[in-house]
1. Mind listing whichever residues of the range 230-264 are among the hydroxyl-bearing types (Ser, Thr, Tyr) and in contact with a strand residue (DSSP E or B) (Cβ under 6 Å, 6 or more places away or on another chain)?
2. When you go through (1) crowded, with 22+ Cβ neighbours inside 10 Å; (2) more than 20 Å from residue 238 (Cβ to Cβ) one by one for residue 103, which number turns out not to apply?
3. Of the conditions (1) surrounded by fewer than 19 Cβ atoms within 10 Å (Cβ to Cβ); (2) in contact with a Leu (Cβ under 9 Å, 6 or more places away or on another chain); (3) hydroxyl-bearing (Ser, Thr, Tyr), residue 117 satisfies every one except a single condition; which number is it?
4. Among the residues that make up the range 200-219, is at least one of them hydrophobic (A, V, I, L, M, F, W, C) and closer than 30 Å to residue 133 by Cβ?
5. Is it true that residue 319 is under 24 Å from the mean Cα position of the chain (by Cα), charged (D, E, K, R), within 30 Å of residue 127 (Cα to Cα) and surrounded by fewer than 15 Cβ atoms within 10 Å (Cβ to Cβ)?
6. Evaluate the range 111-123: report whether one residue or more is among the polar types (S, T, N, Q) and under 19 Å from residue 28 (Cα atoms).
7. Just to be sure I understand, how many residues within the range 6-26 are over 17 Å from the mean Cα position of the chain (by Cα) and buried (at least 19 other Cβ atoms within 10 Å of the Cβ)?
8. All but one of (1) buried (at least 16 other Cβ atoms within 10 Å of the Cβ); (2) basic (Lys, Arg); (3) more than 15 Å from the chain's Cα centre (by Cα) hold for residue 61; state the number of the condition that does not hold.
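The values are calculated or read from the model by the stated rules, or taken from the named source; none is laboratory data. Since the model is a prediction, treat every value here as computed from it, not as a measurement. Neighbour counts run over all protein chains shown; Cβ positions are idealised from the backbone, glycine included.
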Amino acid sequence: MKKFLVTGVAGFLGSNLLKKMLNEGHTVVGIDNLSMGRMENIQEFMNHENFTFLQKDIVDKATFVDLDGDFDAVVHLAAFKIPRYGKTIDTLQINALGSENVLEYGKEHNVKCVLASTSDVYGMSPDLPFREDGNLTIGNSQVPRWAYAVSKLYDEHLALAYMEAYGFPVVLMRFFGSYGYNQHLSWWGGPQSVFIEKILKDEVIPIHGDGQQTRTFTFVDDTVEGIYQCTMQDAANGEIFNIGNGHGEITILGLAQLIKKVSETPGELKVELIPYDQIAKGRKYQDVMRRVPDTSKAERLLGFKAQVSVEEGMRRTFEWQREVMSKELSK
């Protein structure tokens, strides 16, 4: 059995990875400052003999100075996402400084570092499906959404530079539309979070553009399995992997229709198409019309392939979110 350090442990992916690792018999030390993560996500594990929780900030260098060096790997999931609400500086600084601190720790203790990146780094590339060795086409710098992609692209280059300079292994994971248990119940969690809430409340679903843009959605159990294999297998060292559902592509309008179907709620689907020029409120906006991964590399090197269909995953997610929202209303 092994010992792992997980940043962002109380977040969506972190809490699900924690459950997987503990179930496999490993020991986990988890870090989270709870700015986006929630104690409810990890409450059931707080008394587990193999889990230690540290409420600390990854941007603070002292967080890592005080840690022992006896981990088999660090899984760095803590991040600040697309600056939808104007916090572009947070996106850039938290992601850059946090990753630098993780990599400094890896350098100091010669510990494997497994870092979360994003499918957003592919930007507006026309080369589909996206391959890990393909070109990356980032949009206009005056469009705030690209700050997230740039921050993660910087993390990737920094990690590979650290590995080249100091000799410890790194792994980079580009996630595609993860969703499921413990997802954030707002736009931070993805469109499915908002769509489920609107359907449960019988309200209008807001969809940007004409709804024909596509995304690839990956159920959290599959994403976590991908993270786990990247962490456990030496074959992952030094590599970049698309962690996603290669068969999970669906239009955003189709996603709304699918969630309405699996909800088995009465009435018709209510949708409002919002023109792009009304979204950013004075700021420039760009969208990606298709986002599809080539997942053959992860399948070839790690034996990883997503198993849960989008329909089945959305059904499980809908039931989970309905229960969570019901509990919130009863408080």
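1. Result: 231, 251.
2. (2)
3. Failed condition: (1).
4. yes
5. Against the criterion (under 24 Å from the mean Cα position of the chain (by Cα), charged (D, E, K, R), within 30 Å of residue 127 (Cα to Cα) and surrounded by fewer than 15 Cβ atoms within 10 Å (Cβ to Cβ)), residue 319 does not qualify.
6. No, there is no match, as no residue in the range 111-123 is among the polar types (S, T, N, Q) and under 19 Å from residue 28 (Cα atoms).
7. The total comes to 2.
8. Condition (1) is where residue 61 drops out.
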